[in-house]
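The values are calculated or read from the model by the stated rules, or taken from the named source; none is laboratory data. None of these values were measured; they are calculated from a predicted model. In this analysis, Cβ positions are derived from the backbone assuming ideal geometry, glycine residues included, and neighbour counts consider all displayed protein chains.
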Amino acid sequence: MHNTPSLPELQRQFAAAMLGDESAPLSEWVLGKGLAPEARLQIYRNIVFNNHSAALGTAYPAVQKLVGEVFFESAAARYLRDCPTRSGNLQDYGATFPEFLAQLPEAAGLDYLPDVARLEWARQESYLAADAPVLSQAALSALLRQPETSALSCRLHPSLRLINSLHPIWDIWMFCQETAPEHLDLSSGEQTVLVWRDANQLAMQPLVAGRCQFITALLTPAPLATAYEQAMAAEANFDLTACLHELLGAGLVTGFFISG
């Protein structure tokens with residue numbers, strides 16, 4: 001007969017058992033009440049797996065479609081065991097799934113898969129991000145008429161996410177939305193996708209080189225002048241005015257400040 005474990009030790013053993021650790025010596029402390037202790041533990045184990053697997057599938061539907069349900073369920077079980085969450089909120093679950101996929105031997109031939117997962121997690125983060133009042137076109141015009149604007153920088157909306165990839169992640173994600181998808185060209189090259197929340201809906205668009213560099217610089221944050229220089233270096237015909245008005249029109253500029 002073992003000594004009765006403390007409450008923290010019982011909690012540790014229970015958590016380990018829920019994650020599939022069969023060596024956790026918990027069953028002798030479980031009252032089966034008509035079931036074998038291990039059978040009762042298996043009920044809880046199934047609930048934990050089903051809830052976490054469903055949360056992962058909700059966050060990563062494109063990944064699930066790309067690999068299939070059997071592969072995804074197997075990966076979800078391994079992820080639950082190897083990367084247990086430290087949060088009580090299921091909306092946080094799956095934050096490290098892209099990195100997990102990058103190290104998963106069975107996914108080694110799908111080199112685009114972690115970046116597709118990064119895009120999907122950016123959507124999750126964007127949807128749950130804080131809100132902020134946006135700047136009006138009139139306020140922008142007034143600011144740009146000021147004599148000293150060289151150090152001026154944009155404050156961008158908290159929901160904005162920018163995902164760069166060497167793979168055509170926008171094309172891949174769009175491919176996964178089709179009920180009868182056309183042929184997908186995985187060799188079409190790198191893509192950058194902008195993700196944001198528009199009211200209560202998620203919005204996305206692929207970015208050309210100039211806009212990508214401009215927004216990337218603003219996120220550092222760099223002054224508008226520096227961001228403009230970097231955008232021009234990437235795209236000779238970059239239109240600063242058009243880009244700013246598009247950002248404002250999408251509600252992605254919440255203010256301006258003096259950088260540095």
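Restricting the range 1-16 to residues that are closer than 27 Å to Arg78 by Cβ and at pLDDT below 75, the residue that is surrounded by the fewest Cβ atoms within 10 Å (Cβ to Cβ) is Gln11. All of Leu90, Leu104 fail the test of being in the same structural domain as Ser53 (by TED's automatic domain parsing), surrounded by 12 or more Cβ atoms within 10 Å (Cβ to Cβ) and modelled with pLDDT of 95 or more, apart from Leu104.
Would you mention how many residues in the range 182-197 are of a type outside the set (S, T, N, Q) and within 17 Å of the chain's Cα centre (by Cα)?
The initial filter retains those residues of the range 182-197 that are of a type outside the set (S, T, N, Q), namely 182-186, 189-190, 193-197.
Those still in the list that are within 17 Å of the chain's Cα centre (by Cα) too: 193-197.
Number satisfying all stated conditions: 5.
The criterion of at least 3 residues that are in contact with a Pro (Cβ under 6 Å, 6 or more places away or on another chain), touching a residue at least 40 places away in the same chain (Cβ under 8 Å) and buried (at least 20 other Cβ atoms within 10 Å of the Cβ) is met by none of the helices (runs of 4 or more DSSP H) falling completely within the range 203-260. The set of residues in the range 90-109 that are assigned to a loop (DSSP other than H, G, I, E, B) and either in contact with a helix residue (DSSP H, G or I) (Cβ under 7 Å, 6 or more places away or on another chain) or in contact (Cβ under 8 Å) with a residue 60 or more places away in the chain (or both) comprises Tyr93, Gly94, Ala95, Leu104.
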